[in-house]
1. Taking only region 10-39 into account, find how many residues are free of Cβ contacts under 8 Å to residues at least 12 places away in the same chain and over 27 Å from the mean Cα position of the chain (by Cα).
2. Would you confirm, using the coordinates I've provided, whether residue 202 is surrounded by fewer than 10 Cβ atoms within 10 Å (Cβ to Cβ), in a helix (DSSP H, G or I) and not acidic (Asp, Glu)?
3. Give the residues of region 1-41 that are surrounded by 19 or more Cβ atoms within 10 Å (Cβ to Cβ) and among the acidic types (Asp, Glu), sorted by residue number.
4. So if I check each of 205, 170, 155, which one is at pLDDT below 95 and at positive phi?
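The values are calculated or read from the model by the stated rules, or taken from the named source; none is laboratory data. Small disclaimer: the values here were computed from a predicted structure and weren't measured. Backbone-built Cβ (ideal geometry, glycine too); neighbour counts: all protein chains shown.
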Amino acid sequence: MAKKLKTYETSLGFFDLAIAAPSMKAALEAWGADSNLFHQGAARQSEDPDVIAATMAAPGVVLKRPVGPNGPFKEQAELPTDLAGDRGSKRSGRKSQGRKAQRPSRRGNDQAADRKAALAFEKEHKRRARERAKEEAALEKERERRQHAIDKAQGALDAARRKHEEKTAGIRAELEALEEEARVEEARWEKEMMRLQAASRRARG
């Protein structure tokens, strides 16, 4: 049976966030929080009927509004235009939310609506999971492409190095052979020169 959803609120950066989720853990996951904002007092369950209605209309979707003025929560929200006056208005907004919390929820015990919202949350949760899987697959594909390019470039470098080393070794061997041939020729010439010089001296008497 799908778990009944609750509405949770927090503030991150320039935005207030709200979501209809089955648990605090699910809300933190949807917000992308890396710590427990509820234990830190930075997040809470909302009892504002207007906020609840907005989140229940889009279960599992993170809704936003600029910090400060208590405007409606939306999927897309613009940055706040008056950050200087945010604190006072936000405090007064929290008080108005407290007053609103005293009003009974329009949802009451509508179990059919709760089930519908819970199923919608599961659908949104699965959609986000598919998107994450798709993004991870794309990242893995990009990593593989880059690794293939790196391996190809490294392979070309290694092949060029081997070719260079082989050519250098061949040139070195040719030089050694020429040096040996030069030494042999020098020794032969020494002997030949001495023989010819001796013959020349004998011819002169």
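1. Counting residues in region 10-39 that are free of Cβ contacts under 8 Å to residues at least 12 places away in the same chain and over 27 Å from the mean Cα position of the chain (by Cα) gives 1.
2. Taking the combined requirement at face value, the residue satisfies it.
3. Those that are surrounded by 19 or more Cβ atoms within 10 Å (Cβ to Cβ) and among the acidic types (Asp, Glu): 9, 16.
4. Of 205, 170, 155, the one residue that is at pLDDT below 95 and at positive phi is 205.
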